[in-house]
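Trainee: Encoded as structure tokens, here's the structure I'll be asking about.
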Amino acid sequence: MNEHDSERMAGMLEAEGYVKTTAAEEASVVVFNTCCIRENADQRLYGNLGHMKRIKDLREGEMRIVVAGCLAQKDKDLIQQRAPYVDVVLGTHNLASLPRLLSESHEGPAFEILEQTEVFPSALPARRTSPWHAWVSISIGCNNSCTFCIVPAVRGREISRRTGEIVAEVEQLVDDGVIEVTLLGQNVNSYGRDLDGRPLFAKLLRELDRIEGLERIRFTSPHPKDFRADTVEAMADCSRVCEHIHLPVQAGSDRVLKRMKRAYTRRRYLEKVAMVRQAIPDVAVTTDIIVGFPGETEDDFKETLEVTAEARYDAAYTFQYSPRPMTEAADFDDQVPKAVVQERFDRLIALQQRISLEQNQRHIGCSEEVIVEGVSKKDPSKLSGRTRTNKLVHFDSDGAREGAFRTVRITGALHHYLEGVLTDGRNGEPRARLTLPLVASGTGCNTCS
Ligand code: 5AD
Ligand code: SF4
């Protein structure tokens, strides 16, 4: 969501005549788009601002510094106190005010934080970082109240965007050369509950699937409590919807899930994973997991390990719990000591890396359609691309441009990427579903025990 907001701010600045530079020394405007979901994201801002101040001082009034995003929403007064040289502060609800605030800042600091978004900010221009991929926001805000999460406090109540507007935006993007979209919402499955006729997310997927020229549809993220059969059926029926689901579990113990106010149990969650796997046999499942939520015992944590092993995630984003202001859990008095969290975290990572490796090794020998993302960061003589299951593949280069389709045969696997060689197949046509060999849970893989 933040990346997309950055693209929209860049788009608004370009519409005002600004051009992008990679050198801060040349910039007339520097925007820090901030995130405060976890503590470490939060702490980096002031160091970065201090660094930028030194550059600004050399520029004798020719540079303006903007702080936007969640941290600005949370910390407006603090930013003013700790970094009085910041020219513009704007929150999450008024992105569209950036050009106006910049022009007001010629007269002195311009700070504007609103409490709520009034209408869905649909019509903002965007400067996409990729010519072939676009983020498409379908809803903003969140009506849930997970006790660890600061998002509802800084992003406000959920507002859905009208289906017709989403479809029109995607059609326009496709006309502009986009072949893959990622639909964004804090909880995509509650999409439409606030709109007339209460359109469903599954229906939206089916409408977007009809758009000629669009190749891949991704979305992030569904909330397990709202993730139902109609979405799974739409995923299975819609050939453009990719075989990947990101289903954040957060914890494996019912006691912890209850204190997190996640509104599902371990059993219900695993049933949903099983439902997707049954409908889409080669689907990749990824998740978010928090370790060390207040009151988490060793037994609770073991249940997280058990769920991780049973769900057999292709990848997991693992986080150490950090108390956030304006959240219920920050006031719980049974915070887990840092050393205990770290030790559990290391165990979880070791388990998940083994499972990711095993999941990836199942692809060895298969041919996969990838969209080229550019020169491989691992080896500049190679290209990298992503499969429909969102796996990164590094493969030998034929000079293909970004956004091109290639078919690669997978020759190697590590836990966080695949290696492959180009095959003769072009454009991944027809879009065949893979049948991967099964690795039974807990049996280990071929190369390590
Ligand atoms: N501490 C640690 N991780 C958190 N997340 C959200 N809030 C916190 C927190 N206070 C994680 C969740 C969420 C992901 C985006 O960030 O796992 O799904
Ligand atoms: Fe945060 Fe929960 Fe909303 Fe996700 S569903 S944004 S974790 S409150």
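Trainee: Using a Gaussian network model of the chain with C-alpha springs under 10 Å, which one of Leu205, Leu78, Leu45 is most mobile by mean-square fluctuation?
Mentor: Leu78
Trainee: Per the helix-only calculation at 222 nm, which mean residue ellipticity applies to the chain, given -39500 (n - 2.57) for every DSSP H run of n ≥ 4 and division by its residues, nearest 500 deg cm²/dmol?
Mentor: Numbers: 12 runs with 148 residues, N = 449.
Counting only the DSSP helices, I get -10500 deg cm²/dmol.
Trainee: Counting DSSP beta bridges with both partners in the chain, what percentage is antiparallel, nearest 5?
Mentor: Working: 21 of 56 bridges.
Close to 40 percent.
Trainee: Between Asp398 and Ser239, what's the calculated FRET efficiency when r is the beta-carbon distance and R0 is 35 Å? Round to 0.05. Before the final figure, lay out the partial values.
Mentor: Working: r = 26 Å, r/R0 = 0.75.
Between Asp398 and Ser239 the formula returns 0.85.
Trainee: Within 13 Å, Cβ to Cβ, of Ala315, how many net charges do the neighbouring residues add up to if Lys/Arg are +1 and Asp/Glu are -1?
Mentor: On the way: positive: Arg312, Arg354, Arg386, Lys391; negative: Asp288, Asp314, Glu358.
Around Ala315, the charge tally is +1.
Trainee: With r defined as the distance between the Cβ atoms of Val167 and Arg255 and R0 fixed at 35 Å, what FRET efficiency is calculated, to the nearest 0.05? Show your work: numbers first, answer last.
Mentor: On the way: r = 43 Å, r/R0 = 1.22.
Efficiency at R0 = 35 Å is approximately 0.25.
Trainee: Related question: Given the pairs Lys203/Lys225; Lys53/Lys377; Lys20/Lys56; Lys20/Lys76, which are separated by over 22 angstrom at their Cα positions? Don't skip to the end; give the middle numbers.
Mentor: Numbers: Lys203/Lys225 19 Å; Lys53/Lys377 31 Å; Lys20/Lys56 17 Å; Lys20/Lys76 27 Å.
Over 22 Å Cα-Cα: Lys53/Lys377; Lys20/Lys76.
Trainee: Let me ask something additional. Just flag the GluC sites (Glu not before Pro) in the range 207-304 sitting in loop per DSSP whose Cβ has no more than 15 other Cβ atoms within 10 Å.
Mentor: Working: sites: Glu207, Glu212, Glu215, Glu233, Glu243, Glu271, Glu296, Glu298, Glu303; in loops: Glu212, Glu215, Glu243, Glu296.
Hits after loop and neighbour filter: Glu212.
Trainee: Which helices of the chain meet both criteria: a Cα extent of 15 Å or more along the helical axis and a mean Kyte-Doolittle score no lower than 0.0, with helices taken as whole DSSP H segments?
Mentor: Numbers: long enough: 2-15 (20 Å, -1.09); 39-58 (31 Å, -1.18); 70-82 (17 Å, -1.03); 163-175 (18 Å, 0.32); 266-279 (20 Å, -0.89); 298-311 (20 Å, -0.85); 338-361 (34 Å, -0.60).
Helices passing the filter in the chain: 163-175.
Trainee: Can you grab the distance from the C-alpha centre of the range 258-333 to the C-alpha centre of the range 53-67, Å, no decimals?
Mentor: If we compute the Cα centre of each part, the gap is 43 Å.
Trainee: Which one of Gly292, Gln73, Gly192 has its Cα pushed farthest toward the positive end of the charge dipole of the chain, where Lys and Arg give +1 and Asp and Glu give -1 at the Cβ?
Mentor: Gly292
Trainee: For the chain, modelled as a GNM with alpha-carbon contacts under 10 angstrom, which of Ser190, Ser137, Ser105 fluctuates the most?
Mentor: Ser105
Trainee: Apply the a/c threshold of 1.5 to the C-alpha gyration tensor of the range 1-93 and tell me whether it is rounded, prolate or oblate.
Mentor: Working: a/c = 1.77, a/b = 1.13, b/c = 1.56.
Oblate, because a/c is 1.5 or more while a/b does not exceed b/c.
Trainee: May I pose another question? Nearest 0.05, what FRET efficiency do His416 and Arg210 give at R0 = 56 Å with Cβ-Cβ as r? It would help to have the intermediate numbers written out before the result.
Mentor: Values: r = 35 Å, r/R0 = 0.62.
The computed FRET efficiency comes out at 0.95.
Trainee: Go ahead and set up a Gaussian network model of the chain, Cα springs under 10 Å, then flag whichever of Thr286, Thr129, Thr308 fluctuates most.
Mentor: For the chain, modelled as a Gaussian network with Cα springs under 10 Å, the answer is Thr129.
Rule-based calculations on the coordinates, nothing more; no lab input. From a predicted model like this one, the values you see are computed outputs, not experimental measurements. Neighbour counts are summed over all protein chains in view; Cβ atoms, including those assigned to glycine, are modelled from backbone coordinates with ideal geometry.
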